[in-house]
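Shown next, in structure tokens, is the structure this report addresses.
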Amino acid sequence: MRARQGTIQGRFVRRATALASAAALALTLTACGGGAAATGAASAEGGVRLADTQPVADPRAVSGPSSAVVADSALRPVADDPTPTLPATVTDAQGTTVTVTDTSRILALDIYGSTSRIVYELGLGDHVVGRDTSSAYPEIADKPLVTPSGHELSGESILELAPTVIITDTSLGPWDVILQMRDAGIPVVVVDSHRGTDNVGALIRQVSDALGVPDEGEKLAQRTEKQVDEKIAQIAAVAPTETADKLRIVFLYARGQAGVYYMFGKGSGADALIDAVGGIDVASEIGWDGMKPINDEGLVKAAPDVILMMTKGLESVGGVDGLLERLPAVANTPAGENRRIVDMDDTQVMSFGPTTADVLDALAVALYAPDESAAS
């Protein structure tokens, strides 16, 4: 079994080295101060909903930066502290059979913050004993971090919390820490590491089945899938339908302090966001798979109308002016020429899960009704 786990870890490292190396440095900086007024940095919530806006006639003619701000990020649990049916035996995403007998002390960990949010939305938030860096919503913010160095798991920090079950995926490491937890007798359930609009419900069901609350999981999955489908349809009603009129968008990951600049392409999750908001993912269009260091020639050739970024990433390069100065290739794209940069809170933009519809809504406002979003 350990050999199998090592093989899976190796596949992950090859597939997601860009995210693991860059993001490990990245979201650790989310607590750092920045010039919000200078960058158009998004706040956690307080935006307007797409339904309450008047979309522009031609989104490609828009100039200037804007921030995607979730209108309401409040938790909406489907149950109030449900009683799990235990023991719960599941076959996880790695094919490992795991039996969970106790859910009194839960750790739900991944690089996106999605698994912990699922646990809270299932109504089991009071049983969560710790958090990862990306889980930063108010209800969990005071829980101890088990990723004190970016997205690097600390075995000591985890064991101090004495979890009775760990829900995770392959997006956090080192993997030896997970093996250590299993050797210590803690049930570890590995869920799918893919994030997109196509498997939000499946991810919720994986988590809920492992925690012995499949009925609550089904309710949350159906609610979330319905909200996502309805939101995509709502956005499609305001987004251009002709390919030539659609916004050409690229997701750019930056950490200026370390000179880290990546484009996110096919299979990164960013492509799913861009497709869902009615745009064209130019990175996928030019054959960019996963997350790779930016290619100046490729970026200029892709000619994006909009550059989507994490808020702290934009802050780290000194806002829009700093981005254009540091990356001349960006300045030579339609997005750069028009200063069309859209930023969103680091812990929200890629947090596929129960909040997916709200994230899509916020992005749609920033893209199609930017004057009514948070703009700098």
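Observations on the model:
- From the options Ala162, Ala237, residue that is in contact with a Lys or Arg (Cβ under 8 Å, 6 or more places away or on another chain), surrounded by fewer than 14 Cβ atoms within 10 Å (Cβ to Cβ) and more than 19 Å from Pro354 (Cα to Cα): Ala162
- Sole residue being more than 21 Å from Lys219 (Cβ to Cβ), hydrophobic (A, V, I, L, M, F, W, C) and not in a loop (DSSP other than H, G, I, E, B), chosen from Ile118, Ile166: Ile166
- For segment 93-151, filtered to residues that are of a type in the set (A, V, I, L, M), in contact (Cβ under 8 Å) with a residue 60 or more places away in the chain and under 30 Å from Ala258 (Cα atoms), the residue that is surrounded by the fewest Cβ atoms within 10 Å (Cβ to Cβ) is Ala136.
- Scan of segment 169-185 for residues that are farther than 23 Å from Gly353 by Cβ and not in a helix (DSSP H, G or I), ordered by number: Pro174, Ala184, Gly185
- Residue that is touching a strand residue (DSSP E or B) at 6+ places or on another chain (Cβ under 6 Å), modelled with pLDDT under 95 and at negative phi, where the choices are Ala38, Ala93, Ala26: Ala26
- Scanning segment 46-74 for residues that are under 19 Å from Pro240 (Cα atoms) and surrounded by fewer than 16 Cβ atoms within 10 Å (Cβ to Cβ) yields Ala51, Asp52, Gln54, Ala57, Asp58, Ala61, Ser63.
- When residues of segment 336-376 are limited to those that are assigned to a loop (DSSP other than H, G, I, E, B), of a type in the set (Ser, Thr, Tyr) and buried (at least 22 other Cβ atoms within 10 Å of the Cβ), the one modelled with the highest pLDDT: Thr355
- Selection status of Asp275, under 23 Å from Asp229 (Cβ atoms), modelled with pLDDT of 95 or more, surrounded by 24 or more Cβ atoms within 10 Å (Cβ to Cβ) and of a type outside the set (Val, Ile, Thr): no
- Identity of the residue in segment 294-335, among the acidic types (Asp, Glu) and in a helix (DSSP H, G or I), that ends up surrounded by the most Cβ atoms within 10 Å (Cβ to Cβ): Glu315
- Unique residue being touching a helix residue (DSSP H, G or I) at 6+ places or on another chain (Cβ under 6 Å), part of a loop (DSSP other than H, G, I, E, B) and closer than 19 Å to Leu220 by Cα when the list is Pro77, Pro84: Pro77
- Positions within segment 204-230 being in a helix (DSSP H, G or I), in contact (Cβ under 8 Å) with a residue 24 or more places away in the chain and surrounded by 23 or more Cβ atoms within 10 Å (Cβ to Cβ), in sequence order: Ile204, Gln206, Val207, Ser208, Ala210, Gly217, Leu220, Thr224
The values are calculated or read from the model by the stated rules, or taken from the named source; none is laboratory data. All values reported here derive from a predicted model rather than from experimental measurement. Virtual Cβ from ideal backbone geometry, glycine too; neighbours counted across all protein chains shown.
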